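The values are calculated or read from the model by the stated rules, or taken from the named source; none is laboratory data. Not measured: the values here are computed from a predicted model. With ideal geometry, Cβ positions are generated from the backbone for all residues, glycine too; neighbour counts draw on all protein chains shown. Ligands, DNA and RNA are excluded from the accessible area calculation, which covers all protein heavy atoms including side chains. Shrake-Rupley method; radii C 1.70, N 1.55, O 1.52, S 1.80 Å.
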Amino acid sequence: MPKDGGIGASTKRREDVRFLTGKGRYTDDINIRGQLHAHFIRSQVAHGTIRKIDTRDAEAMPGVVKVFTSADFAGVGGIPTGWQVTSRDGSVMLEPKHPVLAEGKVRHVGDPIAVVVAETLDQARDAAEAVEIDIDELPAVMDMKAAVQGGPLVHDEIGSNLCYDWGFVEENRAAVDEAFKKAAHVTTLDLVNNRLIANPMEPRVAVGDYEDHSGQHTLYTTSQNPHVIRLLMGAFVLSIPEHKLRVVAPDVGGGFGSKIYHYAEEAFVTKAAQILKRPVKWTSSRSEAFISDAQGRDHQTRIQLALDADNNFMALRCETYANMGAYLSTFAPCIPTWLHGTLLAGNYKTPLVYTNVKAVFTNTVPVDAYRGAGRPEATFQLERVIDKAARELGVSPVELRRKNFIKPDQYPYQTPVAVVYDTGNYDATLDKLLELSDYAGFEARAAESKARGKLRGFGLAHYIEACGIAPSNLVGQLGARAGLYESATVRVNATGSITVFTGSHSHGQGHETTFAQVISDMIGIDASQVEIVHGDTSNTPMGMGTYGSRSLAVGGSAMVKATNKIINKAKKIAAHLMEASEADIELKDGKFTVAGTDKEKTWVDITLAAYVPHNYPLESIEPGLEETAFYDPSNFTYPAGAYGCELEVDPETGKVEILAFTAADDFGNVVNPMIVEGQVHGGLAQGIGQAMLEHCVFDENGQLLSGSFMDYAMPRADDVPFYSVDHSCATPCTHNPLGVKGCGEAGAIGSPPAVVNAVLDALHRGGFTNVTHIDMPVSPSRVWQAMHG
Amino acid sequence: MHNFDFVKPSTIADAAQALSHEGAQALSGGQTLIPTMKQRLAAPATLVSLTAIPEMQGVCLGDGGLHIGAATPHAVVAREAKAHYPALAALAGGIGDPAVRNRGTIGGSLANNDPAACYPSAVLASGATVVTNTRKIAADDYFQGLFSTALHDGEIITSIVFPIPEKAAYVKFDQPASRFALTGVFVAKYAGGVRVAVTGASQDGVFRWKDAEAALSADFSPAAIKGLAMESGTMIHDLHGTQAYRANLVKVLTGRAVAAALA
Ligand SMILES: Cc1cc2nc3c(=O)[nH]c(=O)nc-3n(C[C@H](O)[C@H](O)[C@H](O)COP(=O)(O)OP(=O)(O)OC[C@H]3O[C@@H](n4cnc5c(N)ncnc54)[C@H](O)[C@@H]3O)c2cc1C
């Protein structure tokens, strides 16, 4: 039995008390005396030359303080990119300038052209209608292949729409080709990983504040990583040193990746507040979010699997076109490369893998990481091509996978794609899945569906992800322009309570609860004695924030490290107070004892002594009890699992109904099972959303067709089934102190191929054997078209 | 949203008077008009609310069938029409979400005539009469294509009169995002014959499927329409469905509506 409030307990989320009672304090709740409101005027065309911007009439309108254009940002840097990818030929990627406000040209619908700042938002919006903008529309380049074959240039100055042409592992290219020549069977699949719009519940908001007398800037923003924003915006865009720039990300209502990046609006309000000497606020409307938040996925891929005569995987070859959109968002270049190509071994012992990725500029909204980021794309193609191969070979998709699994005795396992898996047991998660989903009873259920005129299908998918991002020295070699450690300061207060300042950021994940559980367990005090503080660069140590399922694995490890320093110091103090040797001091359940004696000091005795050091070895130990630690992981973590989807297709309408979804995950150790299940549920809803409903679509002129919730289908409660989730097949991570792997993205990574495999299975059972693939979302129309079209 | 004036008359005559002014527009449940104004796509100078006019509220039996006040919210129709015209009540209960059903009204829906709206199919299939402050308009004359109706500027729908069928059913296939009708079919069987109205599918808005009406008038069973073909050339093609897909849905849903009416 886990200790109440300790590791392993399903402690209720303490932050929910404020969220559910309306006491959350989000960025839009921040209103500063004298604040002005900014309204962005955005391009309505996808591509064009700006001929003229006339702001005179608008500036004369009531309440208008100033209308900004790029001219006001002349001395300001572009929005930087945090990752540099090197092409196959050794050249570095093309990195066009991303100005805060469009300079000379607009490059996607939503590109900001001018900003009206006024006393009220309505005045700003009224005046925006009076800004005269003259744009010569240019042909938009939308199709990625056309873009690199002489299509119109998105950025004239770089001379090409091909950002980079990446090969991995380049040295294996010839060997992979050779393996395909020798293969007994080759399965080829062309597919699209559909573009998605993140749509966190809270749209983005930014409030800039400036103190003239001190030169102090403050930016309140909806960010997953305030320190990253401070570094990028301060150092590269506005030239503000860190000590004069505070970035605060208070309660944040979901991010899913889209709030990692540094956005133009943040730089705008920070700079405008300085120019106008008044606070400036911008709140995105939902419509604006559709055309200004970085979007996700959008890959076009040919994936090929080579098998020998015994159905062993010999080689995998992937050619992907990855859409970057019109500008490089902060981490865009690394998503289709290092978060994608390195995952293509999957759970399998395929000896040779080669991936070629062409990253392409188009006249669309920028694309960057979205829950899973690269790993869903890798998993989808791998798990789809394996299913297709099984069908072509007439073997069971379960057995084909099992045959090719890396086996439990092979860890640590060096994949052919650089990463080394520390632990795992894929047979165990598969067995668990088959058991929980009653796979044995499927045929009977399929027969029952058939009797009702419905086609039933079962789809299986395995996934592995590289989480706990990331070893800094490794990512540095791969092109990262930042370290990916995490930090924590553990401040023990005089009477024994603890305040933890973490560089991680919680925007739905529940850190305030789980991090406290860890400390409670380590020291043996009640979790209510521990407060977790995050989101403000002025009080937290420099940290890289939350994404890539890294918070507990990396941020939690930093906290454990700092807490161990605390415990070591506390033991020294205890040894002094009890006149014993430090080596004999034990800490258990909040009490320090001397081994083999009945001497005892409570936690509070020690913390008080540290802050009221009357009887204290001041010559050898500093007073106080506060430690900071930075943790840089030595490897990624590798959560993995088996997902099963059971569904029915209505052959008359193509409508798919998911009847059951089962997830057997290996997350290593679990601190709070309830929160882990919640994360899996949310991830599954997002993955099912991608598979069944969500699709960001532009027309050939670059207009967004799915520009609101009337056309962009978010999953709703009745679109998803009751899930059966399990994380009992745990193989703890070997290289972080908690043995945790991360669970935030798994659901979104593993579920799309399970859904699509199930639809294909249903169609095949229904006699539609010529259907080999349906692109996501597998909407009723697409499924029907595949059957009857 | 731009600024506007707001009036809330309590009689139809006052409402008509208010609407005769330049820039005045009727406001009923506001579920279509208010979002349009928020996006600054409409900027009426004056909004004339129709929700405080007693004659435009409620559901009751009367001459010619079931009378529904034009300003009656969908939720009220769902509740109060149930005993008299269950298929119509079910349609109203399937519109949008509870908030939309508690605000949105039948008159607003018919005045707007969204090609994917539900009510137009019921009105057309029932051969209902749209009653305005100046005249009575037969359903067959009322709908004139996408977002277009026989209403004149400033004319107010005051009520709708639905002849009550022997059997009827509405089957809606949800557009996945908006959950309006990707296609919806209303089938109503009267002593004089069967009427079939289709919404969501055609580029010309709600329409009657006359071939199906003839077949079903002869034999009111799902099998009766098996041999019919639905022309796809005038169907809508968009993100959510091709023309062929919608033509298929019309046929499938008609069969299902007949089955539901018989159940
Ligand atoms: C989220 C959402 C989901 C929806 N889902 C569906 C759905 O599934 N099926 C469906 O059918 N509809 C759906 N709707 C539309 C809904 O039914 C609206 O209520 C309806 O379209 C408009 O009715 P209203 O009373 O709100 O009209 P308003 O928005 O007030 O007015 C609409 C238009 O009609 C005019 N008007 C209003 N009343 C009259 C009158 N008595 N005489 C003359 N002109 C008048 C107004 O001037 C305006 O031009 C949905 C709406 C929303 C917001």
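Tabulated data for the structure shown
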| item | result |
| --- | --- |
| Cα-Cα separations in the stretch A:268-359 greater than 23 Å, expressed as whole percent | 50 |
| Percent accessible area from carbon and sulfur atoms, the stretch B:5-49, protein chains only, probe 1.4 Å | 52 |
| Translational diffusion of the stretch A:691-789, µm² s⁻¹ [Kirkwood Rh, Cα pairs; Stokes-Einstein; 4 °C; 1.567 mPa s] | 77 |
| The stretch B:189-238 pair-distance distribution - Cα-Cα, 10 Å bins, rounded % | 25, 48, 25, 3 |
| Viscosity 1.567 mPa s, 4 °C: Kirkwood-radius Stokes-Einstein D of the stretch B:167-262 over Cα pairs, µm²/s | 99 |
| Dimensionless Rg ratio for the protein assembly as shown, taking C-alpha atoms and the 2.2 N^0.38 Å reference | 1.02 |
| Alpha-carbon centroids, the stretch B:45-67 and the stretch A:1-59: separation in whole Å | 42 |
| Peptide-level mean, for A:692-700, of C-beta atoms on other protein chains within 10 Å | 1 |
| Per-selection Kirkwood Rh - the stretch A:343-482 (Cα, Å, 1 d.p.) | 17.9 |
| Calculated over chain B: convex hull of Cα atoms, volume per residue (Å³) | 119 |
| Cα-based Rg / Dmax (Å) for the stretch A:589-705 | 27.9, 84 |
| Over 19 Å (Cα to Cα) - which of A:259/A:281; A:3/A:601; A:66/A:281; A:97/A:244; A:388/A:454 fall in this group | A:3/A:601; A:97/A:244; A:388/A:454 |
| Length-normalised contact order of chain A in % [C-alpha pairs under 8 Å, at least 6 apart] | 16 |
| Shielding by partners, peptide B:237-249 (average Cβ within 10 angstrom, other chains) | 5 |
| Averaged over A:779-787, number of beta-carbon atoms from partner chains that fall within 10 Å | 5 |
| Residues whose placed amide H lies under 5 Å from that of residue B:182, excluding near-sequence neighbours | B:173, B:174, B:175 |
| Within the protein assembly as shown, helix-based [θ] at 222 nm, where runs of 4 or more DSSP H residues each add -39,500 (n - 2.57), nearest 500 | -8000 deg cm²/dmol |
| Bins of 10 Å from zero: percent of alpha-carbon pairs in the stretch A:330-376 | 24, 49, 22, 5 |
| Counting all C-alpha pairs of the stretch A:1-114, share separated by more than 22 Å (%) | 63 |
| Between the stretch A:445-515 and the stretch A:524-569, the Cα center-to-center distance that results, in Å | 15 |
| Size of the stretch A:437-539 as Cα extents on the principal axes (Å, biggest first) | 71, 42, 22 |
| The stretch B:9-165: relative contact order as a whole-number percent, Cα under 8 Å and 6+ apart | 24 |
| Computed log₁₀ I(q)/I(0) - Debye formula, equal Cα scatterers, no solvent, the stretch B:5-49, q 0.24, 0.27, 0.32 Å⁻¹ | -0.81, -0.96, -1.17 |
| Per residue solvent-accessible surface (Å²) - the protein assembly as shown, probe of 1.4 Å | 36 |
| Karplus-derived HN-Hα couplings along the stretch A:19-27 (A = 6.51, B = -1.76, C = 1.60, θ = phi - 60°), whole Hz, x at Gly and Pro | 5, 7, 10, x, 9, x, 10, 8, 4 |
| Space enclosed by the convex hull of the alpha-carbon atoms of the stretch B:26-66, per residue, Å³ | 94 |
| For the stretch A:626-673, residues shielded by at least 50 square angstrom of accessible area compared with the chain on its own, probe 1.4 Å | A:652, A:653 |
| Value of Rg/Rh across the stretch B:54-162 [Cα atoms, Kirkwood radius] | 0.92 |
| Solvent-accessible area buried by A and B, counting both chains, probe 1.4 angstrom, square angstrom | 1900 |
| Among B:237, B:152, B:84, residue whose mean-square fluctuation peaks in a GNM of chain B (springs only between Cα atoms under 10 Å) | B:152 |
| The stretch A:112-126 and the stretch A:615-674: distance between their alpha carbon centers, rounded to Å | 43 |
